[in-house]
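What follows is a set of notes on a single structure, which appears directly below.
The values are calculated or read from the model by the stated rules, or taken from the named source; none is laboratory data. Keep in mind that what you see is a predicted model, and the values were worked out from it rather than measured. All Cβ positions, even for glycine, are placed from backbone atoms using ideal geometry, and neighbour counts span all protein chains on display.
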Amino acid sequence: MKPKQKILAFLARRVSATGGELREHLGFSRQALSLHLRSLLETHQIVRSGTTRGARYSLEGKAKKPATIARILPLRGCDEDRVWKQLAVQLNLERALRPNVLAMVRYAFTEMLNNAIDHSQAERCSIRFTVSASMVSFEIRDAGIGVFHSIASKHGLPDEETALVELLKGKTTTMPEAHAGEGIFFTSRIGDDFIVRSHRLQMEWKRAKHDVFVSQQRNLSGTAIHFTVHRSARHKLEAVFEEFAPEEYNFEFQKTKILVKLLRRDYVSRSEAKRLLANLEKFREISLDFRDVRSVGQGFADEVFRVFANRHPGIVIHPEHASPAVLAMINHVRPATPPQ
């Protein structure tokens, strides 16, 4: 029997076990056991409760029943920080969660609830906050104007699909005097799974795949947000901010990444390029991720990598994950680098 199978078989006979008990009964070294447990945690076959020396491991199916709090909140006069503090006390979050997970959940929850308060135009919203043995998740639902419709109306965009793309670029808000347009951008990148659904449109960001999935759903009034992060997560909120708001830019949100496929899989014209580049002059560094993009035309590539680049010489554009054919067209239109 393979080592991981031995661990799973042992845990199947018990409610839970410590690392010491697993080493004693299975004969693993501390280093080997740590390696196998990390792999099983990452694939969500087991869950861990407690921290450091008091940590216990169990099969996912044997985990204790999740703790859940559900409420209806009137949005007039609502304070997201006060709501968070009440949840944190009732669920004992400071003791239950690692500091890095606690920080990420606090940021995501308060940002998303504040969006409902300031932008939804709804009278109330529902919240559902759950802590299980392996996950922390929350849902926020309002019956207001709808996030994509709100952005499309405010910015004069042709449809909600365009509004979704603008939202994912970052720095897009309907209240620039009070908001920087960063909340959804950063929340989507700190969770393991983040879903925004409004009307017929759903956007889901999956951290493990570093990818966004857009789909058409049954009509839903208002906006529904779902956020999940694993309690065993190792990444930190600061690292996500440092990626897009690094020290070299005085910790300001000056970098962004665009999944080019969100608009289409084949690009030909300059007008398509202009649609992709809309509002990106707000940034100083742009990563264009061309994964799953099949082809780009000369006009499109020229508009992005020569015309826009010349118009904004202070902005750096990085193409990523481009196929050989796409990369060849990009290199064809890019100005030649002068010899050193």
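Please go through the range 64-90 and pick out each residue that is without any contact (Cβ under 8 Å) to a residue 60 or more places away in the chain, under 12 Å from F129 (Cβ atoms) and of a type in the set (G, A, S).
A70, A88 - these are the residues of the range 64-90 that are without any contact (Cβ under 8 Å) to a residue 60 or more places away in the chain, under 12 Å from F129 (Cβ atoms) and of a type in the set (G, A, S).
Report yes if some residue within the range 226-237 is closer than 22 Å to E166 by Cα, β-branched (V, I, T) and in contact (Cβ under 8 Å) with a residue 24 or more places away in the chain; otherwise report no. Walk me through it before giving the result.
Filtering the range 226-237 down to residues closer than 22 Å to E166 by Cα leaves 226-227.
Filter once more, so that each one left must be β-branched (V, I, T): none.
No - not one qualifying residue is present in the range 226-237.
Return yes when R106 is surrounded by fewer than 17 Cβ atoms within 10 Å (Cβ to Cβ) and either of a type outside the set (D, E) or at pLDDT 95 or above (or both) and no when it is not.
For R106, the condition - surrounded by fewer than 17 Cβ atoms within 10 Å (Cβ to Cβ) and either of a type outside the set (D, E) or at pLDDT 95 or above (or both) - is not met.
Please list, ordered by first then second residue, the pairs with beta carbon atoms under 9 Å, 6 or more apart or interchain, first in the range 1-15 and over 17 Å from V47 (Cβ atoms), second of a type in the set (F, W, Y).
P3/F28; K6/F28
Select, from F129, F148, the only residue that is modelled with pLDDT of 95 or more and closer than 26 Å to R189 by Cβ.
Numbers: F148 fails: modelled with pLDDT of 95 or more.
Exactly one residue qualifies, and that residue is F129.
Can you name every residue in the range 117-126 that is buried (at least 21 other Cβ atoms within 10 Å of the Cβ) and either in contact with a Pro (Cβ under 8 Å, 6 or more places away or on another chain) or at pLDDT 95 or above (or both)?
Answer for the range 117-126, where residues must be buried (at least 21 other Cβ atoms within 10 Å of the Cβ) and either in contact with a Pro (Cβ under 8 Å, 6 or more places away or on another chain) or at pLDDT 95 or above (or both): just C125.
For every residue, the table says whether it meets (1) of a type in the set (A, V, I, L, M, F, W, C); (2) more than 23 Å from D159 (Cβ to Cβ).
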{"residue": "L263", "(1), (2)": "yes, no"}
{"residue": "R291", "(1), (2)": "no, yes"}
{"residue": "V296", "(1), (2)": "yes, no"}
{"residue": "V307", "(1), (2)": "yes, yes"}
{"residue": "I317", "(1), (2)": "yes, yes"}
{"residue": "P324", "(1), (2)": "no, yes"}
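Among the listed residues V136, V196, V214, V229, which satisfies the condition of being in a strand (DSSP E or B), in the same structural domain as A103 (by TED's automatic domain parsing) and in contact with a Lys or Arg (Cβ under 7 Å, 6 or more places away or on another chain)? Please lay out each step first, then the result.
Details: V196 fails: in contact with a Lys or Arg (Cβ under 7 Å, 6 or more places away or on another chain); V214 fails: in contact with a Lys or Arg (Cβ under 7 Å, 6 or more places away or on another chain); V229 fails: in contact with a Lys or Arg (Cβ under 7 Å, 6 or more places away or on another chain).
None of the other options fit; the residue is V136.
Give all pairs with beta carbons closer than 7 Å in which a residue from the range 296-318 that is in contact (Cβ under 8 Å) with a residue 24 or more places away in the chain and surrounded by fewer than 19 Cβ atoms within 10 Å (Cβ to Cβ) meets a residue that is part of a loop (DSSP other than H, G, I, E, B) and of a type in the set (A, V, I, L, M); count only pairs at least 6 apart in sequence or on separate chains.
G297/V268; G299/V268
Search the range 253-271 for residues that are under 17 Å from P319 (Cα atoms) and pair each with any residue that is of a type in the set (S, T, Y) and part of a strand (DSSP E or B) when their beta-carbon atoms are under 8 Å apart and the residues are at least 6 apart or on different chains.
Every condition considered, the pairs that remain are K255/S287; T256/S287; K257/S287; I258/S287; V260/Y267; D266/S295; Y267/S295.
Is one or more of the residues making up the range 168-189 at pLDDT 90 or above and of a type in the set (D, E, K, R)?
Yes, the range 168-189 contains a residue that is at pLDDT 90 or above and of a type in the set (D, E, K, R).
Out of all the residues in the range 232-268, which are crowded, with 19+ Cβ neighbours inside 10 Å and part of a strand (DSSP E or B)?
Listed by number, the residues that qualify are K255, T256, K257, I258, L259, Y267.
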